[in-house]
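Asks: Quick one: the structure is below, and I'll ask about it shortly.
The values are calculated or read from the model by the stated rules, or taken from the named source; none is laboratory data. These figures come from a predicted structure and were not determined experimentally. Cβ placement follows ideal geometry from the backbone for every residue including glycine, while neighbour counts extend to all protein chains displayed. SASA here: full protein model, heavy atoms, side chains in, ligands and nucleic acids out. Shrake-Rupley method; radii C 1.70, N 1.55, O 1.52, S 1.80 Å.
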Amino acid sequence: HMRAITPGDTGKLKGSISAKQEGDVWTVGPRNVKYAGFVEHGTSRSPAQPYVAPTIAWAKQQGPKRLSKKIEGVIEGDK
């Protein structure tokens, strides 16, 4: 979802978005792009173009539904 709504001309920011696991914790977001925060929050010369905050809101709403469907599929698949 985050990649789909990330703005950009070169694709560098969109291409930098990845998932990373450390133990039981997963993080998703841009990696090694110094201007990522400026795009999200804007600057005095450039308006904000949020892509992280809308993805978090989407995940909070859709995540439980998608997880529930995945669990139902696994349970049904075990019959």
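Asks: Where does helix 52-77 land angle-wise versus the long Cα axis of the chain, in degrees 0 to 90, nearest 10?
Replies: Once rounded, the angle reads 20 degrees.
Asks: Using just the helices of the chain, give the 222 nm mean residue ellipticity in deg cm²/dmol: DSSP H runs with n ≥ 4 each add -39,500 (n - 2.57), and the total is spread over all residues, rounded to 500.
Replies: -15000 deg cm²/dmol
Asks: If you roll a 1.4 Å probe over the chain with all protein chains in place, what percent of the accessible area is carbon or sulfur?
Replies: Carbon plus sulfur share of accessible area: 56 percent.
Asks: Can I ask one more? Leaving out ligands and nucleic acids, and using a 1.4 Å probe, what accessible area per residue does the chain come to in Å²?
Replies: Per residue, the chain has an accessible area of 80 Å².
Asks: Could you grab the relative contact order for the chain? Cα pairs under 8 Å, six or more apart, rounded to a whole percent.
Replies: 21
Asks: Okay, moving on. Using a Förster radius of 25 Å, what is the FRET efficiency between GLN62 and GLU22 based on their Cβ-Cβ separation? Nearest 0.05, please.
Replies: Working from the Cβ atoms, E equals 0.55.
Asks: Where a ≥ b ≥ c are the square roots of the eigenvalues of the C-alpha gyration tensor, would you call the chain rounded, which needs a/c under 1.5, or, failing that, prolate if a/b is larger than b/c, or oblate?
Replies: Cα axes put the chain in the prolate bin.
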